[in-house]
Structure formats: structure tokens, C-alpha cells
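Asks: Take a look at the following structure, please.
The values are calculated or read from the model by the stated rules, or taken from the named source; none is laboratory data. All figures in this text were calculated on a predicted structure; none of them were measured in a lab. All Cβ positions, even for glycine, are placed from backbone atoms using ideal geometry, and neighbour counts span all protein chains on display. Quick note on the areas: whole protein, heavy atoms, side chains included, nothing else; ligands and nucleic acids left out. Shrake-Rupley method; radii C 1.70, N 1.55, O 1.52, S 1.80 Å.
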Amino acid sequence: MWWSRFKSGFAGTWDDRLDGLFSAKVDYAGKSILDVGCNMGVVAYEISKLKPSSIHGIDIAKPHIQTAKMLLSGSPVHARFDRLNLGSRRLGNILLPQYDIVVLLAVYQHMQRNIGPGKARRVLSNIVRRTSNVVARVHRNAVRRGIPS
Ligand SMILES: C[S@@+](CC[C@H](N)C(=O)[O-])C[C@H]1O[C@@H](n2cnc3c(N)ncnc32)[C@H](O)[C@@H]1O
């Protein structure tokens, strides 16, 4: 399991978002990917170029999900994007039982803020038990508040 800790504040440019993602030497080819808090699908799009078998993105924002769907519409990779609050009871129905890789980039601190630390922890546990590989970028404040190990 890979955990990378983002030391500085999250600047938010696309370059920042992708920084370090592909130097982690993760082999995405042929793998099923879950992108938690996928935003507009830019990370999913970049991963799609590495020929995963599938990408499943989840985000709370409808415009983000619409953009992600459009972005990946021309990709040969099987892509599915769901608009969902990760704190929703429907999460269990939406998630697949298993993913090869879960991508969790700069989203945990948002979950802690908008669904509360306890629930964020339970949701994260529910997600990560579906995989043995997590690629994460975690803000240092989230680390201080306690990421489940
Ligand atoms: C800082 S952005 C990171 C986006 C993307 N992972 C990246 O690195 O480019 C956090 C994302 O998490 C989403 N998000 C925040 N809270 C969420 C929640 N409770 N459920 C689903 N998505 C959420 C936001 O809409 C946003 O797209």
C-alpha cells in the first residue's frame, strides 16, 4: 500500500494535481481503478492513457461529473462516473466489491470537513478494504487529524 504525504498547501493547478502521481511507479495497465473525489476527471484521463481495464470516478459535484464523463467519452477505457456524496448510504451500492487500485488524491480532508471526521474514517475504511493498493495524496492537516492506518 502506498501513502504519500503532501507537505505543502494544495495549490490546485493541474500540474500540482498530477505532480508525483506517475513517479510513484504504479503500474495502472490492465487494472481496475477507483478515483475517489475524481473532480473533473483530469487525473482519470491521465491514468486512462496508461491503459487500465476500467476507471470508476466518484465526486459530489454534478458539473465535475459531467465534465469527467465528457473528457473520458473518447477514451477506449471503460469509464464510469457517479455523482455521490461519499457520506451517502448509497455508497455501498455504487462501489464495486473490488478494485485493483484506489486513487485518493487530496480528498480526505474535504471528507473530514463535510461529513465529519468519524464518518470520513468509516467511509475510508469501507473504500480501502476493497483494494490492496491505495495511491494517496494527503494534506498534512488531514494527517494531523488522523488518517486510519
Ligand atoms: C481538492 S479536490 C481533489 C480532486 C482530485 N482528486 C484531484 O486530485 O485532482 C477534492 C474533490 O473532492 C470532492 N469531494 C469533496 N467532498 C466530497 C464528498 N463528501 N463526496 C464526494 N466528493 C467529494 C470535491 O468535489 C473535489 O472534486
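Asks: Take the residues in the stretch 1-48 that are of a type in the set (Gly, Ala, Ser) and modelled with pLDDT of 95 or more, then tell me which one is farthest from residue 76 (Cα to Cα).
Replies: Taking the candidates together, the pick is 37.
Asks: Has the stretch 53-64 got at least one residue that is away from the ligand (no atom under 14 Å from the Cβ) and either among the β-branched types (Val, Ile, Thr) or open to solvent by 10 Å² or more (accessible area, probe 1.4 Å) (or both)?
Replies: Yes, the stretch 53-64 contains a residue that is away from the ligand (no atom under 14 Å from the Cβ) and either among the β-branched types (Val, Ile, Thr) or open to solvent by 10 Å² or more (accessible area, probe 1.4 Å) (or both).
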